[in-house]
Amino acid sequence: MICYMPWLVACCLLLLLYSVRLRSGWSHGHGPRSYPVIGCLVAFYQNRFRLLDWYTELLAASPTQTIVVDRLGARRTVVTANPVNVEHILKGNFGNYPKGKPFTDILGDLLGTGIFNVDSELWYAQRKLVSHEFSARALRELEFAVLEDEARDRLVPALGLAAARGDAVDMQDLLRRFSFDVICRVSLGVDPGCLDPALPAPRLAAAFDAAAGIIARRGAAPVAAVWKAKRALDLGSERRLREEIRVIHEAVMDLIRTRKKERALVNGGDGRRSDLLSRMIECGYPDEAIRDMVISFIMAGRDTTSSALTWFFWLLTRHRDVEREVLREIAGGASHAAGGQGKMRVLHAALCETMRLYPPVAWDSKHAAAGDVLPDGTRVERGDRVTYFQYGMGRMESIWGADAAEFSLQRWLSLPEDNAPPAAVAGVSPFKYPVFQAGPRTCLGKEMAFVQMKFVASTVLRRFELAPVDEGRVPVFLPLMTAHMAGGLNVTVRSRGDQITAAAAAAGSKPVAAGAPN
C-alpha cells in the first residue's frame, strides 16, 4: 500500500491542477473534447491522419473561430482562424508573440541565428539589412536573368523531351529542382544544376532535402524530449541530421571563403557579383552570420513557390475554363521575359486562389512572452503556443462566404485594382489572407515569389498542356515545413504548338468567375 501512495498523490495533484485550470478559465475557448491529465489525446489520436481537416472543422464550429488544444505531452495551444486575432498577434501586440524558444530550438541546429530563427534586436537588425538588399535593383535583375536561363536551358527542354517521348513527368519534382537551382543562383551565386540531366544529383540539394524532412518530424513530434534525447545521444535521425547540416554548413562556408578571395582580386566595381551572399560579404558581416542568413533564405525559397505552382497546375487541370482564361491573358501581348508579366490579373487571381486553398505553409506558431487576452476573449497564458492557421482560414465561410470551398477567381477579380494597402495581396487584408505572414514579419520575398510563379506559369502554359496520369485522383496535402502534394503530380505533357491563340480565343473576353471541374 505504501508503494502505491506516491502514485495516488501524483494522480490527485494532476486532477487538482486540471480542475484549477478549468475554474480559472485557462481552458476558455472551443476545442476538442478533453479529459483530466490526458487532455484531448484520444481525439487527437483518432484524427492524427487528418489533422488539418479536423482543426478546420473545429474552428468552423467555434463561434469565435478559435479553439484551445490541451494535450498530454504538448504545450497548450491556441489555434485561431479569426482575422481580428491574427492582426492582434502579428501586429497589434507583435512584441508579445515572438517565435519563441520551442520554435528556435527545432530549427536552431540548421538555421542558427538566421533571420527566420531569431527574435527581438537580432531579428530587427537582419530585417533592416535584408529589406534593403531585396529592394536593390541588382538583385531583382539577377532573379530575372536566372529565371530566363533556367527556363530556356532546362525547364522547357525537359518538358519538351517528355512531350516528344510521351513520358509522364512529376511536375512537383521538376518544379522543386527548378526552384532549388534558382534560389541557389540568386542566394549563393552558384548553380547546383538540379535540372541538368548531364550532371549528377548535387549533394547540397540532397542535404537540404534530408535536413528539412528530419526537422519537420521534430516539429511534429508529440514529445520534444524524445528528439532532444536522440540529439544528445547522437542517435538515429538526429545523427543523420547532424551529418547533413555539416554538409550544408561546410559548403556555404567554403563559398564564403572563395567569394572573399575573389572580392580581394576585384578592382573598383568591375566584376562584382549581385547574389545575396556577395552583397552580405560587402556589408562586413561575420562569416557565420552570413552563413545562417543565406541558409535561411534558401530554406524559405526552395519549396514555397514550387509547392504553390504544383497545386496551381493541378487545379487548372480540374478547371479547364480557368486555364483557357489564363491562356487568353498570356496571349494578350504581355512581355514573356521575366518580370514582364505586369499585373496579369487573371493569372494573379488564379495564383492567389491556389494559395488560399493550398498555402505553402499550412500554419505558423508564436509563443506568448506574457499572458494576454485575444480580441475574441480567448485567454493566453505565458508560454502558450499561439497558432494562426492559414489552411483553415482559406476554408472559413465566415471569411470567404458560402463558396469558400470552391476554386473561384471572381472573389479576386471583383476587387478594385487600385488603392489597396501596400501589404495586401490583390486588395485583400493580409490578416484575412496571411499566406505571406503580415505585420512587421511580412515576407520580404513576396514580390520575388510572384515574379517567379507568374514567369513559370506563363512559360509552361504557353508551350505545353498538362494532363494528370490519374484524372480521378484527389491529391493529399502534406503540411511539412513547406506543404507538399503526397505522391507528386504525375502528368503527361503535350506541346501546344502554335495553337495557343486559338485556344485562348475560345474562352472569349469575359473574365472567369469560377471553374467547373471537368
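The values are calculated or read from the model by the stated rules, or taken from the named source; none is laboratory data. Since we're looking at a predicted model, the values are computed, not measured. All Cβ positions, glycine included, derive from the backbone under ideal geometry; neighbour counts span all protein chains shown. Side chains are part of the model used for accessible areas, which takes the heavy atoms of the whole protein and leaves out ligands, DNA and RNA. Shrake-Rupley method; radii C 1.70, N 1.55, O 1.52, S 1.80 Å.
Give the angle, between 0 and 90 degrees and rounded to the nearest 10, that separates the Cα long axis of helix 236-265 from the longest principal axis of the Cα atoms of the chain. That works out to roughly 50 degrees. Between the Cα long axis of helix 171-187 and the first principal axis of the chain there is an angle of about 90°, rounded to the nearest 10.
For the pair ALA206 and ALA61, the difference between a 0.36 nm per residue extended length and the Cα-Cα distance amounts to 48.0 nm. Fully extending the segment from LEU199 to ASN490, taken as 0.36 nm per residue of separation minus the present Cα-Cα distance, adds 102.5 nm.
What net charge is computed for the residues neighbouring ILE115, neighbours being all others with C-beta under 13 Å from the C-beta of ILE115, Lys and Arg scored +1, Asp and Glu -1?
+1
For the cross-link pairs LYS261/LYS454; LYS343/LYS432; LYS128/LYS228; LYS128/LYS366, which exceed 30 Å when the distance is taken from alpha carbon to alpha carbon? Violating the 30 Å Cα-Cα cut-off are LYS261/LYS454; LYS128/LYS228.
Across the chain, C-alpha contacts under 8 Å between residues 6 or more apart give a mean separation that, scaled by the residue count, equals a relative contact order of 22 percent.
Do any trypsin sites (Lys or Arg not before Pro) in segment 58-153 lie in a loop, going by DSSP, with at most 15 other beta-carbon atoms within 10 Å of their beta carbon, and if so which?
ARG75
From its DSSP helices (H runs of at least four residues, each -39,500 (n - 2.57)), the chain gives a residue-normalised ellipticity at 222 nm of -16000 deg cm²/dmol. Under 14 Å of direct C-alpha separation, and excluding same-chain neighbours fewer than eight residues apart, LYS260 reaches these aspartates and glutamates: ASP275, GLU282, ASP287, GLU288. Taken about its Cα centre, segment 81-507 carries a charge dipole of roughly 460 debye when the Cβ of each Lys and Arg holds +1 and the Cβ of each Asp and Glu holds -1.
Overall, the accessible surface of the chain at a probe of 1.4 angstrom is composed of carbon and sulfur to the extent of 57 percent. Using Cβ point charges alone (K and R +1, D and E -1), the dipole size of segment 271-414 about the Cα centre works out to roughly 340 debye.
Between ARG127 and ARG382, the FRET efficiency estimated from the beta carbon spacing at R0 = 30 angstrom works out to 0.75. The gain in end-to-end length when the ALA229 to PHE49 segment is fully stretched comes to 62.2 nm, 0.36 nm per residue minus the alpha carbon separation. With a Förster radius of 35 Å, plug the Cβ-Cβ distance of ARG152 and ALA370 into 1/(1 + (r/R0)^6) and report the FRET value to the nearest 0.05. My answer for the efficiency is 0.05.
Using the 1.4 Å probe convention, the accessible area of the chain works out to 45 Å² per residue with neighbouring protein chains retained. Between the Cα long axis of helix 5-24 and the first principal axis of the chain there is an angle of about 70°, rounded to the nearest 10. Classification of segment 144-298 by its C-alpha gyration tensor yields an oblate form. The axis ratio a/c (a ≥ b ≥ c) is 1.5 or more, and b/c is at least a/b. In the set [x] 0.94; [y] 1.02; [z] 1.07, the label that goes with Cα Rg over 2.2 N^0.38 Å computed for this structure is [y]. Does anything in segment 38-82 have its amide N under 19 Å from the 7 Å Cα→Cβ label point of ASP470, and if so which residues? Taking a point 7 Å out along Cα→Cβ of ASP470, the residues of segment 38-82 whose backbone N falls under 19 Å are 49-50.
Here the spin labels are modelled as points 7 Å beyond Cα on the Cα-Cβ line, and at LEU265 and VAL37 they lie 6.9 nm apart. Give the calculated FRET efficiency between LEU72 and ASP167 to the nearest 0.05, with a Förster radius of 60 Å applied to their Cβ-Cβ distance. Efficiency for this residue pair is about 0.75.
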